[in-house]
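The structure appears below as structure tokens.
The values are calculated or read from the model by the stated rules, or taken from the named source; none is laboratory data. Treat the numbers as computed from the prediction; the structure is a model and nothing was measured. No Cβ is skipped: glycine too gets one built from the backbone with ideal geometry, and neighbour counts run over all protein chains shown. Each accessible area value is taken on the protein alone, full model and side chains, heavy atoms only, with ligands, DNA and RNA left out. Shrake-Rupley method; radii C 1.70, N 1.55, O 1.52, S 1.80 Å.
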Amino acid sequence: MDDHGGPIGAVRGRAGGGVRGDGGSGPVRVAIVGTGGIAGIHAQSLAALGGRAEIVAAADVDPERLDAFRARWNVPGRHTDLGALLAAERPDLVHLCTPPGLHKEQALACLAAGVPVLCEKPPTLSLADLDEIAAAERAGGAFFATVFQHRFGSGAARLRAAMASGALGRPLVAVCHTLWYRPDAYFAVPWRGRWETEGGGPTMGHGIHQFDLLLAVLGEWREVTAVAARLARPTAAEDVSCAIATFDGGAVATVVNSLLSPRETSYLRFDFEYATVELEHLYGYGDADWRVHPAPGHEDAVAAAWEAGPSGQPSGHSAQFAAVLDAVAAGTAPPVTLTEARRTLEFVAATYASAFGRGPVTRGAIGAADPYYRRMQGPGTPWPAEPASPAVPAAPASPEETSR
């Protein structure tokens, strides 16, 4: 299934893995499920952590892809079924690198076996699915975490530290724009652009990294007013969305998610009382991608606060994986927790609900009886459900699509 591995069977009952809590004695034993493009990023990022983790097994339904992955990363365990992997390998942690529509059942299988899960974004197709995973987490003692690696770069840590110091003042205005380009051929991959397998368009699968960082910086969002449209691409979901969000602290933000933008960029801007902080990158940032512009009279205080923060850590997977491995070794909840991931996924659901006719949607308004709780498209989209099929072969994945 292109960048992710294909469907892998589920399992019920405990297989003997689980939360280590051994304080880090020996490498964490990792199994990777799905051996498409993102699995290589996971393997490379784990290897960069200097022996802290060992990939003991991999699973995929595509034998050639599975064997190529195992040969590239020297992985001993080979499985085409998740249940068999869990029973035979007893891993300390499973990385789910499969398409989004498979995440829930695979996560439930791992948690039932007592094995912690690190799942690629989006974690599930709906709030209902994520809440089902949360119930399994509470019942079984193993943890579920979502990959939102932009939270873990030193630039984001430096921004949070500068905010905590008070030197920036209150956040007032923010911009979060994911302006990317995907041709028609991109949607020839069967699971892409379909609500039942991908859960949505750029709001769900592309811009989510950027606005997850926005939410991590600004805190609890209060209300969303949005529009979404399918303007040009052969997809069942939207190809562009625009939202205005307000936050409990009073800040107002615009959030744009597009697959129609030939000059691609990922751009975040935070206007505080005493400074503007900007980040522009594409699929991952370093320290050089951040810019700080103090307000008149605040140059020294802002510069001192910014320079005092951490540096040198890009926003790639390795930064989050290091924190996850620390938590697994300690037997504590790894980041990003289900509570934090749910805040982001609820923002997605609210964006769709508002765009498809609900008007302003407040946090907490999408309850279990709401159609947007179980399906991001709710009762249906304002455009026909079935798009025209692209007439050309699937386009090769961009670097970001290796994380999808």
Each residue of region 355-360 in turn: what ³J(HN,Hα) in whole Hz from Karplus with 6.51, -1.76, 1.60 and θ = phi - 60°, glycine and Pro shown as x? 5, 9, x, 7, x, x
In deg cm²/dmol, rounded to 500, what helix-only [θ] at 222 nm does the chain give when every DSSP H run of at least 4 residues adds -39500 (n - 2.57) and the total is split over its residues? -9000 deg cm²/dmol
Residues with amide H under 5 Å from that of residue 172, placed H, sequence gap 5 or more: 271, 272, 273
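Please give the FRET efficiency for residue 326 paired with residue 74, using the beta carbon to beta carbon distance and R0 = 22 Å, rounded to the nearest 0.05.
On the way: r = 24 Å, r/R0 = 1.10.
FRET efficiency, residue 326 to residue 74: 0.35.
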Find the accessible area per residue for region 239-319; the probe is 1.4 Å, ligands and nucleic acids are left out, and the unit is Å². 44 Å²
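Given the peptides 381-387, 121-127, 302-308, 157-163, arrange them by the average over their residues of other C-beta atoms within 10 Å, most packed first. Intermediate results must be reported in sequence, preceding the final value.
On the way: 381-387: 13.0, 121-127: 24.1, 302-308: 16.6, 157-163: 19.4.
My ranking of the peptides, most packed first, is 121-127, 157-163, 302-308, 381-387.
Name the GluC sites (Glu not before Pro) in region 211-257 that are in a loop by DSSP and that have at most 16 other C-beta atoms within 10 Å, would you?
Numbers: sites: 220, 223, 238; in loops: 220, 238.
Sparse-neighbourhood loop GluC sites (Glu not before Pro): 220.
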Please list the non-local residues whose amide H lies under 5 Å from the amide H of residue 222, H modeled 1.01 Å from N, same-chain partners needing a gap of 5 or more. 246, 247, 248
Based only on the alpha carbon positions, what is the Kirkwood hydrodynamic radius of region 203-310, in angstrom? 15.7 Å
Could you work out the relative contact order of the chain, using alpha carbon pairs under 8 angstrom and six or more residues apart, expressed as a whole percent? 21 percent
Counting each pair of different Cα atoms once, what's the Kirkwood radius of region 101-179 in Å, rounded to one decimal? 15.0 Å
For the pair residue 164 and residue 293, the simple spin-label estimate (label points 7 Å beyond Cα toward Cβ) gives in nm 2.8 nm
Quick calc: nm separation of the 7 Å Cα→Cβ label points for residue 265 and residue 232 -> 1.7 nm
For region 338-378 the trypsin sites (Lys or Arg not before Pro) that pass both the DSSP coil test and the at-most-15 other-Cβ-within-10 Å test are none
Limiting things to C-alpha atoms, what are the Rg and the maximum Cα-Cα separation (Dmax) for region 137-243, in angstroms? 17.2, 49
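Roughly what % of DSSP beta bridges within the chain run antiparallel, to the nearest 5? Can you show the working numbers first?
On the way: 37 of 63 bridges.
DSSP beta bridges in the chain are roughly 60 percent antiparallel.
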Cα atoms only, the chain: Rg and Dmax in Å? 20.7, 64
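How much of the accessible area of the chain, probe 1.4 Å, is carbon plus sulfur, in whole percent?
Numbers: 7950 of 14560 Å².
Ligands and nucleic acids excluded, carbon and sulfur give 55 percent.
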